[in-house]
Amino acid sequence: MVGGGARSTAVVGLQWGDEGKGKLVDRLAGEHDATVRFNGGANAGHSVVVGGVRYALHLMPSGVLSERALGVIGNGVVIDPQALIAEIDGLSAKGVDTSRLVISDRAHVVLPYHKIEDELREALLSGKALGTTKRGIGPAYADKVQRGAAVRMGDLTRPEVLREKVEQACRLKNGLIREMAQRVGQEAADLDADAITDQALAWGQRLAPMIDDTVYLLNAMIREGKRVLFEGANATLLDVDHGTYPFVTSSNSSALGICAGAGVPPSAVGRVIGVMKAYSTRVGAGPMPTELHDSTADLIRDKGNEYGTTTGRPRRVGWLDLVAVRYSAMVNGVDDIALTLLDVLSGFDELRLCVAYETPEGRTERFIPDAPRLTQASPVYETLAGFSQDLTGCRSLDELPGQARAYVERIESFIGVPVRSIGVGPDREQTIEISRGVCV
Ligand code: IMP
């Protein structure tokens with residue numbers, strides 16, 4: 001099984017998000033005592049199908065769908081309490097037990113003005129917009145680093161502290177929001193600090209039983225030998241330091257964010273599993289060297305249901321970029337790979353793999369984590385034979401057609417990391433487990 005061996009496991013995306021991390025985390029959760037979100041916020045969208053029922057998770061750790069694991073939202077997450085409460089209620093209505101959720105008192109709060117700011121900043125950037133999810137993620141992280149007016153989850157249970165912070169935030173933001181709105185031809189009403197505080201206090205009252213010091217909790221669990229699963233949101237190529245900057249999210253969404261975002265030492269992070277799709281997708285703006293704009297893209301998009309879990313936007317689609325994925329595997333120190341959505345590639349005569357870039361400075365096999373320079377890179381492809389068989393019923397490597405196996409072998413040999421599982425359909429069971437990797 002994928003999760004054997006090390007006591008703690010990390011699951012991170014190796015591309016631009018939506019790699020199918022949710023399904024893997026959900027499968028692994030049963031072997032762990034806690035699943036922990038350490039970065040991002042309601043911009044993330046994990047889609048998990050259990051027993052034919054599809055669950056869309058945004059802030060909830062995927063492990064909440066397991067029988068026993070605690071679900072922990074760590075200090076590195078930015079939480080929109082309204083979205084979290086709606087998610088808790090939605091899951092409860094489907095019969096999911098949400099009582100094992102613990103929320104860090106130090107996680108920062110996304111408040112209504114962060115979403116207004118996110119919208120207005122994007123509008124101001126006009127043709128150069130980042131294509132954010134408009135969930136207020138960037139402005140909330142900016143306030144966290146700026147410090148003065150930031151609100152943390154623990155503040156939601158302290159009325160005096162909260163009122164003062166929100167008043168200060170509204171004073172700082174009113175002028176800014178008014179000016180940004182004017183510049184895009186809109187009018188903005190002044191923020192009502194009292195109304196925002198009252199609303200936030202009501203959210204705090206509802207969530208108070210779940211708010212705790214998760215740093216002590218997680219370190220105690222680790223000391224006692226309990227197994228912890230760190231669940232990356234967004235993905236490595238969206239990491240604020242290591243992704244395609246500035247077309248990235250505002251947190252460290254690679255495994256490098258775990259220690260700061262969960263409050264655990266580096267030694268606590270055991271095995272790192274990198275999740276990657278058999279092709280590339282991206283939502284929002286930013287360079288994507290292997291992007292396709294033809295009928296192949298349409299076919300992959302429809303077969304893979306490549307529409308955003310959070311925003312419903314059609315995802316950009318392209319051939320697998322091995323240069324990018326090998327870089328991500330390096331940055332994360334990936335021990336093994338979970339390959340997802342291989343079934344979607346059935347029906348093509350040929351499959352292409354990007355193995356280098358042509359750039360104005362010449363050919364390179366290095367990824368370029370800088371948007372303006374990556375925009376100038378064009379992919380150098382290797383072409384492999386395609387396959388036509390339906391893979392959704394395959395449960396072992398032997399059942400895969402030779403061409404599909406050769407495709408997986410090439411991924412392994414290029415990245416130098418074993419592929420330990422292959423997803424062939426959306427359901428938990430539609431997975432091929434490989435004990436030793438295909439060829440590495
Ligand atoms: P933000 O995180 O909403 O600020 O958006 C910044 C960029 O990251 C945009 O291009 C988003 O589409 C992208 N993004 C953020 N979260 C995810 C995710 O979970 N999956 C895929 N793309 C994401």
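Kindly establish whether SER99 is surrounded by fewer than 16 Cβ atoms within 10 Å (Cβ to Cβ) and of a type in the set (S, T, N, Q). Answer is yes for this residue. The residue that is least open to solvent (accessible area, probe 1.4 Å), counting only those in the range 345-363 that are farther than 15 Å from THR290 by Cβ and not in a loop (DSSP other than H, G, I, E, B), is GLY362. What's the total number of residues in the range 146-173 that are open to solvent by less than 50 Å² (accessible area, probe 1.4 Å), over 21 Å from LEU207 (Cα atoms) and at pLDDT 95 or above? Adding up the residues that qualify gives 3. Of all residues in the range 102-145, those satisfying the criterion of being more than 19 Å from the chain's Cα centre (by Cα), closer than 30 Å to ASP194 by Cβ, open to solvent by 60 Å² or more (accessible area, probe 1.4 Å) and within 16 Å of the ligand (Cβ to nearest atom) are ILE116, GLU119, ARG121, LYS144, VAL145.
Among the residues of the range 274-324, the ones that are hydrophobic (A, V, I, L, M, F, W, C) and either assigned to a loop (DSSP other than H, G, I, E, B) or within 15 Å of the ligand (Cβ to nearest atom) (or both) come to 10 in all.
Restricting the search to the range 289-333, which residues are in contact with a Cys (Cβ under 9 Å, 6 or more places away or on another chain) and not charged (D, E, K, R)? Across the range 289-333, the qualifying residues are PRO289, THR290, GLY318, TRP319, LEU320, LEU322, VAL323, ALA324.
Under the condition of being under 19 Å from ILE300 (Cβ atoms), open to solvent by 40 Å² or more (accessible area, probe 1.4 Å) and not in a loop (DSSP other than H, G, I, E, B), the residues counted in the range 407-440 number 1. Looking across SER388, SER328, one residue alone is in a loop (DSSP other than H, G, I, E, B) and either closer than 28 Å to LYS303 by Cα or in contact (Cβ under 8 Å) with a residue 40 or more places away in the chain (or both). It is SER388.
What pairs come out if I take residues in the range 281-294 that are over 16 Å from LEU14 (Cα atoms) and open to solvent by 20 Å² or more (accessible area, probe 1.4 Å) and pair them with residues that are among the charged types (D, E, K, R) and modelled with pLDDT of 95 or more whose C-beta lies under 7 Å away, six or more apart or interchain? Listed by first residue and then by second, the contacts come to GLU291/ARG316. The lone criterion from (1) within 15 Å of the ligand (Cβ to nearest atom); (2) open to solvent by 20 Å² or more (accessible area, probe 1.4 Å) left unmet by ALA93 is number (1). Looking across the range 185-206, the residues that are surrounded by 14 or more Cβ atoms within 10 Å (Cβ to Cβ) and over 30 Å from SER99 (Cβ atoms) come down to ALA188, LEU191, ALA193.
What are the pairs, 6+ residues apart or on separate chains, where a residue within the range 27-54 that is within 16 Å of the ligand (Cβ to nearest atom) has its Cβ under 6 Å from a residue that is part of a loop (DSSP other than H, G, I, E, B) and at pLDDT below 90? Filtered contacts from the range 27-54: GLY45/THR309; GLY45/THR310; SER47/THR309.
The values are calculated or read from the model by the stated rules, or taken from the named source; none is laboratory data. From a predicted model like this one, the values you see are computed outputs, not experimental measurements. We place every Cβ from the backbone using ideal geometry, glycine too, and count neighbours over all the protein chains shown. Surface areas here come from the heavy atoms of the whole protein model, side chains and all, with no ligands, DNA or RNA. Shrake-Rupley method; radii C 1.70, N 1.55, O 1.52, S 1.80 Å.
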